[in-house]
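This report concerns only the one structure given below.
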Amino acid sequence: MCTRYEDFLVRLKEERVIRKWSQQQMGRKLRMTQSHYCKAELGVRRFTFYEMKCLCEAELDIYYIFTGRRCRPEYQEFYKDCTYEELKCYLAVLCPIAGYLQKKGRLALGADSCRKAESAPYSLASDKGEKTVFYHLRRWLDCSQQEMAERLDVDVKKLRNLENGNVYPDSELIWKVSEELGVPFSIILNDKNGLRGEVSYFAEMIAGGGRDKMMERLKAFYGLIRGKCQG
């Protein structure tokens with residue numbers, strides 16, 4: 001799968017056209033003028049972090065827009081009533097399982113999914129303390145701030161501010177960290193719908209042809225997850 005930022009924009013337009021929304025209607029949903037939205041959809045300008053948050057709330061398949069994958073409706077429906085914290089617990093369990101099965105040759109994950117399976121514990125750690133996912137990602141990759149800044153194509157000052165939560169990433173930087181470094185975009189944006197798609201994808205991959213058995217296991221596991229998140 002091609003992972004250019006342009007693909008994100010193509011899928012965004014595809015989702016808009018499917019719903020028969022004009023650029024003006026889309027702009028309203030993202031709190032943008034039609035002109036600004038048009039430029040962003042064409043890649044002339046980037047969506048701000050705030051505009052991306054609005055995009056997550058716009059009744060679109062945000063997981064598909066970012067990844068090019070659509071999940072089976074039965075998994076999406078199962079996770080529909082889960083809280084954001086519960087979904088994070090599921091991801092924290094499913095990603096290591098997927099990574100283990102991949103190493104054992106029992107599961108064939110794509111390169112981007114492998115990165116996500118490996119980076120999940122560090123991505124989820126971003127809620128602990130004052131540091132953001134950018135800080136935890138850099139520590140996981142064992143990079144200096146200079147090395148990480150070069151990898152993300154930003155200056156060191158901006159990286160430092162990103163790590164401390166003083167500035168927010170735009171759409172291209174969110175995409176880059178998600179697709180190239182394996183951090184789920186939903187974690188960066190604190191987005192429940194995107195996270196539901198991420199969890200559904202890994203559950204579907206692990207299940208393979210045994211979806212019924214997987215659904216039963218998920219139902220049994222749900223009580224443990226809810227107790228942990230409420231405890």
Check: Are any of the residues in region 42-53 of a type outside the set (A, V, I, L, M), within 23 Å of Y201 (Cα to Cα) and modelled with pLDDT of 95 or more?
Finding: yes
Next item on the list: With respect to C89, determine if the residue is of a type outside the set (F, W, Y), crowded, with 19+ Cβ neighbours inside 10 Å, under 25 Å from V177 (Cα atoms) and touching a residue at least 40 places away in the same chain (Cβ under 8 Å).
Entry: yes
Margin query: Take the residues in region 1-59 that are surrounded by fewer than 19 Cβ atoms within 10 Å (Cβ to Cβ), touching a residue at least 12 places away in the same chain (Cβ under 8 Å) and among the aromatic types (F, W, Y); name whichever of them is farthest from W175 (Cα to Cα).
Written below: Y50
Check: Does K176 satisfy the criteria of being assigned to a helix (DSSP H, G or I) and in contact with a Cys (Cβ under 8 Å, 6 or more places away or on another chain)?
Finding: no
Item checked: Top-ranked residue in region 145-172 [being in contact (Cβ under 8 Å) with a residue 40 or more places away in the chain and open to solvent by 10 Å² or more (accessible area, probe 1.4 Å); ranked as nearest to L12 (Cα to Cα)] -> E172
Next item on the list: Determine whether region 106-115 contains at least one residue that is part of a helix (DSSP H, G or I), in contact (Cβ under 8 Å) with a residue 24 or more places away in the chain, out of contact with any Cys (no Cβ under 6 Å at 6 or more places or on another chain) and of a type in the set (D, E).
Entry: yes
Check: I97 versus (1) closer than 30 Å to E6 by Cβ; (2) surrounded by fewer than 16 Cβ atoms within 10 Å (Cβ to Cβ); (3) not hydroxyl-bearing (S, T, Y): which is the lone unmet condition?
Finding: (1)
Next item on the list: Write out, first by first residue and then by second, each pair whose Cβ atoms fall under 9 Å of each other, whose residues are 6+ apart or on separate chains, and whose first residue, in region 179-192, is within 16 Å of F8 (Cα to Cα) and assigned to a loop (DSSP other than H, G, I, E, B) while the second is open to solvent by less than 10 Å² (accessible area, probe 1.4 Å) and among the acidic types (D, E).
Entry: P184/E198
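The values are calculated or read from the model by the stated rules, or taken from the named source; none is laboratory data. Values in this document were obtained by computation on a predicted structure and should not be read as measured data. Note: ideal-geometry Cβ built from the backbone for every residue, glycine included; neighbour counts use all protein chains shown. Just so you know, the surface numbers come from the protein's heavy atoms only, side chains and all, with ligands and any DNA or RNA stripped out. Shrake-Rupley method; radii C 1.70, N 1.55, O 1.52, S 1.80 Å.
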